[in-house]
Structure formats: C-alpha cells, structure tokens
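The values are calculated or read from the model by the stated rules, or taken from the named source; none is laboratory data. Since the structure is predicted, the reported quantities are computational estimates derived from the model, not experimental observations. Quick reminder, even Gly has a Cβ in these numbers, built from the backbone with ideal geometry, and neighbours come from all protein chains shown. When the accessible area is computed, the model is the full protein with side chains, heavy atoms only, and any ligands, DNA or RNA have been set aside. Shrake-Rupley method; radii C 1.70, N 1.55, O 1.52, S 1.80 Å.
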Amino acid sequence: MDSEPVDPMDADPGPVNPGPVNPGPVNPGPVAESTDRVAGLLLAAGSGRRYGGPKALVSFQGRPLVLRSRDVLVAAGCAPVLVVVGAQAEAVTALVGSGAVRNPAWPTGMGSSLRAGLAALEVTAVTAVVVVLVDMPGVGAEAVRRLAAVARPDVLAVAGYHGNRWGHPVLLGREHWTGAAASARRDRGARDYLRQHRGLVRVVPCADVADATDLDVPPMIRR
C-alpha cells in the first residue's frame, strides 16, 4: 500500500466496461432469519440530482441500476442482501422488495445510509458485510466474491485497482461496524474510518475483474 488511499466511496480508477449481470429475480427474505457469513449492503438512497431522479431507477443496459447491483451481491453469495433506499423510496422498494432498508435521513448524505444499513444488520449473525454503491455497474460478482473470501470479524478490506488504488467493493468486519458508523457523516461513508485504520486495511486486487468508475453524469450511461 504505497499509494495514498482514495475514498472507496467515490474512487474512479478508469472507464466503465461492465459485462452483463443478470442472474434473475431474487427475494432476500426477512433480515433477521439469516445466519450467513457475509452480508451484502447496497447504498442506493441518493437523489441523483444530475439525472433528474435517483440513480437507483436509471436503466443501464436494459435494467435498473438498483436491480443490477442487488443481483451482483446475490450472485456472489451474500446473504442477507440489503438495499438502503431514500429518494423515491416507494418506487425503489417496489423493485427490490423485502430487502429494502429505508433511510429517512438520506438528504444528509451517504454517511447516514451506511449507518442505516449497518444498524439493520445488527440483528443478523453475519461475520462481515460487503458494501457497494448503486452507480458502479462495473463492479461484478467476482469482485464481491474476492472481498467476501477474506471476511472475518476483525478484517477491513477494499478492492485494489491500478496503482494499488482503493475502490469498491469494501468489506467491513463486524468488529468495525460501530466505529465505521460513528465516523460516517455527510457524504463520507467509510472513508475516515478506513484512513484511521489504514494499517489494518487489506487491499484485494480486482482490476482484472471489475471497474469501480461511478456514473456521475447522465452521458456516462450507455443504455
């Protein structure tokens, strides 16, 4: 880890070149019933001001971004898979079903969504959670699997891209949830916590299987 860490919540390692991700419909089921080892957490609460509506509902290669990203976590074997919703929560919830976690504080930024998601996972017995963002369709199931493979309660891990640059997905071991939630403020999700614990962060190479570019502006969407 020679390079300066970039916030994994908004890293931009290169152009998007995602492959198809469509494992089919899923139903994550009630959160409290899962005792699986690694959960999946999709942050999808933003308003998408540049898009005129939530990115979660934007179609990418014929499928809403929220479903593409949710299905990636399911295909990677994460359970439960939770989707934090905020802007147009009813419409997004109608798509994702029982895995939706509402964040009434979503206008304050991504930090509140991370806190809401981690709070919802407290009732589970999972060891760790893999966190992804809804506007990164280049992050597929293999990258999530690589992060999940190093999961332990005491582990922090990020996907590594060219130049050892930090990006998504991010894995937070259960022992770090309280600290990560406490430091998540405004549009800073796990950034501050990861930097404070840089010596503990494992960088998992993912450049060969993923692209963590976020789709900030509408021209980046290829329908």
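Legend: residues ASP214, ASP192, sorted from most to least accessible area (1.4 Å probe; ligands, DNA and RNA excluded), read ASP192, ASP214. Packing around the peptides 177-190, 117-130, taken as the average count of other Cβ atoms within 10 Å per residue, puts them in this order, highest first: 117-130, 177-190. Protection proxy ranking, highest mean first, for peptides 134-140, 156-162, 197-203: 134-140, 156-162, 197-203, where packing is the per-residue count of other beta-carbon atoms within 10 Å, averaged. The Rg/Rh ratio for region 88-223 is 0.95, where Rg is the radius of gyration of the alpha carbons and Rh is the Kirkwood radius. Considering only protein heavy atoms and a 1.4 Å probe, what is the carbon-and-sulfur percentage of the accessible area of region 52-200? Accessible surface attributable to carbon and sulfur in region 52-200 totals 53 percent. Each part reduced to its alpha carbon centroid, region 188-206 and region 100-115 end up 21 Å apart.
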